Amino acid sequence: MSWKPLPIGVDNFENLIRNGYYFADKTLFIRELLDMKGEVNLFTRPRRFGKTLNMSMLRCFFEKSGEDPAVLFSGTKILEAGEQYLSHMGRYPVISLSLKSMKQPSLELSLAMLKKAVGAEFSRHWQAVHDSGKLTGAALERYVRLRDLNGSDADYADALKYLSECLHACFGEKAMILIDEYDVPLENAWFHGFYDDVLFPVRSLFESALKTNDNLAFAVVTGCLRISRESIFTGLNNLRILSVTDDSCSEYFGFTQQDVDQMLAFYDLSDRTETVKQWYDGYCFGNTEVYNPWSVINFVSSCRRNRNALPRPYWSNTSSNDIVRILVEKSDLSVRREIETLIEGSSITKPVHEDITYEDMQSTQDNLWNFLFFTGYLKKLREFQEEENIYIEMTIPNREVRYIYKNTVLHWFEEKTEKKELSPLYESILNGDAGKMAEILSENLMETISFYDYQESYYHGFLAGMLKNIGNYIVLSNREAGNGRPDIVLKYPSIRGKAVIIEIKVAGSWKELKKKCTEALKQIEEKDYEAELRREGYQNIMKYGVAFYKKECMVKSG
């Protein structure tokens, strides 16, 4: 079997076909799109699920150009779909615009990149428009201004509508409009503080092109999230929205089970099916089971040199985690418990609201769960209705996404803990106040997320992390001492200061906390953990037995 290159990061359909990359045939998406007869179609899917490649495929199929598009689609399923679909091939002038480049740290840069993207599309069509001779006078002058990035704000406000007018006049056929990553500038602007300033020019661009435009054949828009009509698609009554909850076109974004089976068989990796399923399957679009295509392709590629390559979390390195971070930073106790529930493999049930804006994100915790669901961090188990509300039972899709929660989310909680004022904890330890020490530790446990079944290693890491900034003290963890290893030792650099020995135990119930504290202190004595400290010259040695049960803590001093 000859190794076909895998299209990692290749989202241009023509390049993919001409360079012989492996291709999972999604061309029947064209048939379904034409059957829907939607004038403006919005598809929302998580990042890296093939939206941009599908948009490139649509452009290659529908665009009227000097080349025969059938060459690119040779051997694909759409060529067997019938003349009623093939009659649309190479028929339309296509306006293709990606807003991905608007992800910039400032308003000025973001709008500058929007103008460049619009100008590039005017430039791409320039030769055909010029050769047609249909544009003259002021119309041609405006076209050139937009092409050369010299347009006024008024020129750009309805630039896509104007381009569709020009193409209709020059080609004699209404234009098709493709807008990819429409929500990228909005999400970016929200997190950088200039949302309203970006909202208006983007909305003007969309409304003019997609609402009551006699030069529009039909349009396809893609993004991660559905931004409510009141915010970006005001008055757009011709908009059809197909989100991850919709059955239509559900198999054309991401890999189906059949796609994955065929790919693994092609590369002689069928024995890795279960690994791929555990790590990268689990999404549900409509009622279709879907794999993350980006991660599957990367995993198969890693098997080229080592067919037993270990799975890795490829998607976590490409997707923005800003929304997840907001969830962590704004979370209350109930949210932390729900995150623990999810990481343990259980589910949560929440009302689903598709018509939300970024302003809604922080209004209630339920809205944040919605954002996580629609961006791929959660998957649907079932859907049901109670009165007017629709509810979705959600869980973590697979091991790859669980990795994000267990690593990224845990790290952010640790950062929150590090920012807390812990001087009272340090004072209680050095002053021998076991009750205050237990109280502070219990309070901080309530703010953490545990997914290690409350093992001793979890509590050890928790307490060591809390103590790592304890002033001038040296923190030693699991060091040799006496006849064993104390869990944690604190010591002042000078023997004139204090030294502290802490031994940790885990109780089976809250009733055992006191007993476990006593066992910990007894272990310190029996194994003579203070011997090394005495040899070093320390005279003031404090001892603590610390017992944990779930989020509860008890401390006894010896």
Subject >> Fraction of alpha-carbon pairs over 14 Å apart in the stretch 122-205 - percent >> reply: 68 percent
Original post:
Which ³J(HN,Hα) values in Hz, rounded to whole numbers, follow from the phi angles of the stretch 535-548 under the Karplus curve 6.51 cos²θ - 1.76 cosθ + 1.60, where θ = phi - 60° and Gly and Pro get x?
Top reply: 4, 6, x, 6, 9, 9, 10, 9, 10, 10, x, 10, 10, 10
Original post:
Tilt of helix 410-419 relative to the longest C-alpha principal axis of the chain, in degrees (0 to 90, nearest 10)?
Top reply: 60 degrees
Subject >> Cα-based reach from Lys380 at 16 Å (exclusive), listing lysines while leaving out same-chain residues under 8 positions away >> reply: Lys350
Subject >> Convex hull of Cα atoms in the chain, direction-averaged projection (nm²) >> reply: 32.0 nm²
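Tell me, which longest segment in the chain has none of the chymotrypsin sites (Phe, Trp or Tyr not before Pro) that fall in DSSP loops with at most 16 further Cβ atoms within 10 Å?
Working: sites that count: Trp3, Tyr21, Tyr452, Tyr454.
So the longest stretch without any such site is 22-451.
Say a site is exposed when it is one of the trypsin sites (Lys or Arg not before Pro), sits in a DSSP loop, and has at most 15 other Cβ atoms within 10 Å; what is then the longest site-free stretch of the chain?
Details: sites that count: Lys37, Arg229, Arg304, Arg305, Arg307, Lys330, Lys420, Lys468, Arg479, Arg496, Lys550.
Longest site-free region, per DSSP loop and neighbour criteria: 38-228.
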Subject >> Candidate lysines - alpha carbon under 21 Å from Lys551, same-chain residues fewer than 8 apart omitted >> reply: Lys330, Lys406, Lys416, Lys419, Lys420, Lys436, Lys468, Lys505, Lys511, Lys514, Lys515, Lys516
Original post:
Residue by residue through the stretch 61-70, which ³J(HN,Hα) values in whole Hz follow from phi under the Karplus form 6.51 cos²θ - 1.76 cosθ + 1.60 (θ = phi - 60°), with glycine and proline marked x?
Top reply: 6, 8, 6, 7, 8, x, 9, 7, x, 4
Original post:
Quick one: longest stretch of the chain between exposed loop GluC sites (Glu not before Pro), exposed meaning at most 13 other C-beta atoms within 10 Å and loop per DSSP?
Top reply: 68-229
**OP:** Assuming R0 = 22 Å, can you tell me the calculated FRET efficiency for the pair Glu14 and His88, based on Cβ-Cβ distance, to the nearest 0.05?
**Re:** 0.75
**OP:** For Lys103, list the lysines whose Cα falls under 22 Å from its own Cα; do not include residues on the same chain fewer than 8 positions away.
**Re:** Lys51, Lys115, Lys116
**OP:** Provide the gained length on full extension for the span Ser123 to Asp528, in nm with one decimal, where the gain is 0.36 nm per separating residue minus the Cα-Cα distance.
**Re:** 137.7 nm
Subject >> Label point 7 Å beyond Cα of Asp197 along Cβ direction - residues of the stretch 139-154 with amide nitrogen under 20 Å >> reply: 151-154
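Pulled fully out, how much extra length does the chain show between Lys468 and Ser442, if you take 0.36 nm times their separation in residues and subtract their Cα-Cα distance? Kindly include the intermediate steps, with their values, before the conclusion.
Working: separation 26, 0.36 × 26 = 9.36 nm, distance 1.78 nm.
Net length gain for the segment: 7.6 nm.
Any read-out appearing in this document is the output of simple, stated calculations on the displayed coordinates, not a laboratory observation. These figures come from a predicted structure and were not determined experimentally. All Cβ positions, even for glycine, are placed from backbone atoms using ideal geometry, and neighbour counts span all protein chains on display.
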